[in-house]
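K.L.:
Next up is a structure, given as structure tokens.
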Amino acid sequence: METSTLRSRVENLFGYINEKYNLTPPDVFYGDPRVSDWPFMNNLTSILSIVFLYLLMVKLGPVFMAKRSPMNVTYLLVAYNFAMVIWSFCMCLELVIVLAKSNQSLLCRPVKTDVEIGLREARLGWWCFMSKIAELLDTVFFIVRKKNNQLSFLHVYHHSSMVLICWYFIKYLPGGEKLYNGGINSFVHVIMYTYYGLSAMGPHYQKYIWWKRYLTQFQICQFVCISLRCIGTFFYGPCEYPKWTNVGTLLYVFSNLLLFLNFYIKSYKSKSILSSHSASKSTAKKSE
């Protein structure tokens, strides 16, 4: 009798939590029927193949280039970076238009499956996903230019995982609440690829990219903003968008935040300490 009562209470507790926070995952077999015939949305095999080939390229690419001279891809690299600037800007602009045409809370934006604006949101999400596949070319350019020091765990982890995560959300939850995260990321990428484009144009343009350090800070701020939003939306009353996605997103974003902070500290804080130490030694020698 006591066991039955305890089980009933536990079931009631989980039922209450699920009802309040909408923790039920989406259909893990079929996904959203609106996107089922879109490129890469039919099944998981194609996208897993892309990620597998990407990781294989990261492993074998430097070996292939080991005895070869770095390729001169300056013009192609400049064109690619500024094409990504335009792509990211267009996604930001489209998000603003979508938000202006819909009247929903910033903390609760369920997926709309029965109205035209919902399909427009899904298309925007799909273009965000496609941009993540295109961004794998970042790694290709590093490899052919023999910039192997750029092939860090942070770089490979971020690029490969973003493809999978974006695919998942477009397959099962296209549009809705996670569009905000995509919008923040696209805005950051407008600035980021502008920097990369100017950097690729050669030493004459170095004076225009003095703000590299602030770019990394901006990327870190991006993860902080998305994390705060995930926390806010999780505790924001009833919402038809699954609350569990906020937990998953928060964990993923936190992993990126730690990696970017580690990169920032190693790249800038360590250099500042070394510079200060060198300056102190130089001053001491002059005073002798």
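The values are calculated or read from the model by the stated rules, or taken from the named source; none is laboratory data. In this text, all values refer to a predicted model and were calculated from it rather than measured experimentally. All Cβ positions, glycine included, derive from the backbone under ideal geometry; neighbour counts span all protein chains shown.
K.L.:
Sort through Lys212, Lys132 and tell me the only one that's touching a residue at least 24 places away in the same chain (Cβ under 8 Å) and more than 19 Å from Leu250 (Cα to Cα).
P.N.:
Lys132 is the lone residue from the list that is touching a residue at least 24 places away in the same chain (Cβ under 8 Å) and more than 19 Å from Leu250 (Cα to Cα).
K.L.:
Would you say Gly202 is within 23 Å of Cys90 (Cα to Cα) and out of contact with any Lys or Arg (no Cβ under 7 Å at 6 or more places or on another chain)?
P.N.:
Values: within 23 Å of Cys90 (Cα to Cα): no; out of contact with any Lys or Arg (no Cβ under 7 Å at 6 or more places or on another chain): yes.
Answer is no for this residue.
K.L.:
Can you tell me which residues in the stretch 161-193 are surrounded by 23 or more Cβ atoms within 10 Å (Cβ to Cβ) and not in a helix (DSSP H, G or I)?
P.N.:
Across the stretch 161-193, the qualifying residues are Pro174, Gly175.
K.L.:
Of everything in the stretch 194-208 that's in contact (Cβ under 8 Å) with a residue 60 or more places away in the chain and of a type outside the set (Gly, Ala, Ser), which residue is surrounded by the most Cβ atoms within 10 Å (Cβ to Cβ)?
P.N.:
Tyr196
K.L.:
Could you grab me the full set of residues in the stretch 181-196 that are of a type outside the set (S, T, N, Q) and under 12 Å from the mean Cα position of the chain (by Cα)?
P.N.:
Gly182, Gly183, Ile184, Phe187, Val188, His189
K.L.:
Condition (residue is crowded, with 16+ Cβ neighbours inside 10 Å and polar (S, T, N, Q)) applied to the stretch 142-156: is it met by at least one residue?
P.N.:
No, the stretch 142-156 contains no residue that is crowded, with 16+ Cβ neighbours inside 10 Å and polar (S, T, N, Q).
K.L.:
Within the stretch 160-192, which residues are over 18 Å from Val98 (Cα atoms) and either touching a strand residue (DSSP E or B) at 6+ places or on another chain (Cβ under 7 Å) or of a type in the set (Lys, Arg) (or both)?
P.N.:
Selection gives Lys171 alone.
K.L.:
Also, I was wondering about something else. Tally the residues that are exposed (fewer than 15 other Cβ atoms within 10 Å of the Cβ), in contact (Cβ under 8 Å) with a residue 24 or more places away in the chain and assigned to a loop (DSSP other than H, G, I, E, B), restricting the search to the stretch 91-126.
P.N.:
The number of residues fulfilling the criteria is 2.
K.L.:
Just give me the residues in the stretch 228-267 being among the polar types (S, T, N, Q) and either under 15 Å from Arg109 (Cα atoms) or buried (at least 19 other Cβ atoms within 10 Å of the Cβ) (or both), in sequence order.
P.N.:
Selection gives Thr233, Thr245, Asn246, Thr249, Asn256.
K.L.:
Determine whether Lys59 is more than 29 Å from Tyr172 (Cα to Cα), surrounded by 10 or more Cβ atoms within 10 Å (Cβ to Cβ), modelled with pLDDT of 90 or more and not hydrophobic (A, V, I, L, M, F, W, C).
P.N.:
The answer is yes for Lys59.
K.L.:
Which one of these is modelled with pLDDT of 90 or more and either among the hydroxyl-bearing types (Ser, Thr, Tyr) or not in a helix (DSSP H, G or I) (or both): Tyr252, Tyr205?
P.N.:
Step by step, each of Tyr252, Tyr205 is checked, and only Tyr252 is modelled with pLDDT of 90 or more and either among the hydroxyl-bearing types (Ser, Thr, Tyr) or not in a helix (DSSP H, G or I) (or both).
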